[in-house]
Each structure stands twice: as C-alpha cells, then as structure tokens.
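Student: Okay, handing you the structure first.
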C-alpha cells in the first residue's frame, strides 16, 4: 500500500466524513470516496461503515488504521531527524503546546531566564485545549495538566512530571463573597471537565449556577466581576488580586511535560525542558496554593 492510501484511511477515520477528510487532504470528496472504494475493491473487505451519518472503521479498517498510524509516526520521526540535521541543534524554534493558564503561571514569569541561558532558542507557543499529537510532529513539547491516574502510555513519548497544580474556591472581593458555598451562585465548567467535581457535589450540589464555561480564563473573568463563585487554580486566582479564597484546596491536577524520545535528544529541546522543570520548581508553592 502507498502512503497516500494509508493517509487517506487515517484522515477519514479521524474526520469520520469524506467531505471533512477532503478538506484536510486538499482534494475533492469524490476523490476521497474513490480512493476508499478502490481499496475496498482491491482488498475485498469493507474499510468503513456509515453509522448515523458518520463513518466508522470496520474491524478490517481498524487493522489498517493501526499500521497507518505506525507509518505516520515513523514519517514524523524521520522529518524531525531531517530537520535537526538541517539546522543548528543548539538554536532555533521549539514548539510548545500548552494552555493560557500555564503560560501565565509558569512560562511568562521566567521566560527571560530561558533567553539568558539559551540564546537563539525561540518558543513557538501553541495555545489551546486540544491535545496535540506529539508523535505526529504537531509540537516538540506538550505542557499539560491531568487528573492523577489519567495518563495513558504512548510508545516513544517521554513524560516528565513537574509537580501538581491545586485548585480552590474563589469569590470576588467586590461582591462580598458568601462564606457558605451552598449559597452560590456558581460559575461551573462543562460536564466532564469540572475541577473539584467531588467537592462541589458534597458542598454545592443544590446551589444556583449563573454560567457554565469550558475555559478557565472565562471562569476567572466572571468570578472577578462578581458574577459567582468558581473553582480556580490557586496560582492564577492569587495573581488576580481581587479574589478571596474560600476554604481549602478542593482538587489537584498533575503537571507534566511530554516530548517524543528522539526530539528530547535535540539540544534546544532539552534546554526548554530544563527551563520548564526549573520554572515549575520555582513556582511550586504558588501552584500548590501554599
């Protein structure tokens, strides 16, 4: 099979639509459909089936998909190696995928130190909640938060735990925050993403909700405006200056950096990893809310 065929299977499986896959591949949706149909005819097995308007890989399709992922990872690794050979390994761009709250709490306060210790290294910050595919070369390093126990082992990816980020309940000093969280109202996160969920279920299950968000800076802004109480990272809430902490820590997430094993050996990437480790250590007390 060719890489074009394997790549078509990969993109269709991820997009679950010929039309969306075509946009990603830069071809027409009829071309994508013809490629899949030709493969199915040649192999004499179905690769995809349609369920409720979406495409799902069959058992045969999933087998091919596993092989396609292996090839994609190998190509990405070869591209990283070629890029490192063609450039100065000590200097250049390092793509760091992270969130805005980690930039504010860890990266921004110490970025000047990276510039002093690793001149010529430029951070390309990829900000967002979507988990980038490191093995596919979408970033050199990911700096992320995860609940304890939520790690999934991935071949050839090195994960370094940098500490913990604690969350607490905060209200606005302008509003006169209630001492009893059961009073509310609350700014809550969307279902499945809510930090402090167990604590909220015990202490504020019946409290009113004024807004739901899926973005920590939005919760911070609403809490600062006095719209309601919110569970926020201590490090972020304390910097705001106009929020008051109500009670103990209610949740903790693991802070980690992840990078492909072959990328970790590139000197400029190693320098950024060391910088992140040092910055997290310097901010440890703030991150834990001490």
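Student: Take peptides 156-168, 22-34 and line them up by average Cβ neighbours within 10 Å, highest first, as a rough protection proxy.
Tutor: Peptide ranking by packing, descending: 156-168, 22-34.
Student: Right, here's the next one. Tell me the angle of helix 267-282 to the major Cα principal axis of the chain, expressed in degrees between 0 and 90 and rounded to the nearest ten.
Tutor: Long axis of 267-282 versus the principal axis of the chain: about 20 degrees.
Student: Right, another one. Work out the P(r) tail for segment 166-252: percent of alpha carbon pairs separated by more than 18 Å, whole number.
Tutor: Details: 1124 of 3741 pairs.
Of all Cα-Cα pairs in segment 166-252, 30 percent lie more than 18 Å apart.
Student: Below 8 Å, C-alpha to C-alpha, sequence gap of six or more: please give me the relative contact order for segment 166-252 in percent. Write down the numbers at each step before the final one.
Tutor: Details: 171 pairs, mean separation 44.9, N = 87.
Value for segment 166-252: 52 percent.
Student: Let me ask another. From the convex hull of the Cα coordinates of the chain, what is the mean projected area in square nanometres?
Tutor: Details: hull surface 72.4 nm².
With the hull built on Cα positions only, its mean projection is 18.1 nm².
Student: Counting other beta carbons within 10 Å of each residue's own, what order do 174, 271, 277 fall into, fewest first? Before the final figure, lay out the partial values.
Tutor: Numbers: 174 11, 271 18, 277 15.
Lowest count first: 174, 277, 271.
Student: Quickly work out the residue 41-to-residue 205 label distance, labels modelled 7 Å from Cα along the C-beta direction, and quote it in nm with one decimal.
Tutor: Between residue 205 and residue 41, the label points sit 6.0 nm apart.
Student: Against the longest alpha carbon principal axis of the chain, how many degrees, from 0 to 90 and to the nearest 10, is the axis of helix 3-15 turned?
Tutor: 40
Student: No solvent, one uniform scatterer per C-alpha: report log10 I(q)/I(0) for segment 3-85 via the Debye equation at q = 0.26 1/Å, two decimals.
Tutor: Those come out to -1.29, one per q.
Student: For the chain, take the longest principal axis of its alpha carbons; what is the angle in degrees between that and the long axis of helix 59-86, to the nearest 10 within 0 to 90?
Tutor: Around 80 degrees separate the two axes.
Just so you know, all these numbers are worked out from the coordinates, no wet-lab data involved. All figures in this text were calculated on a predicted structure; none of them were measured in a lab. Here the Cβ is made from the backbone with ideal geometry for all residues, glycine too, and neighbour counts use every protein chain on show.
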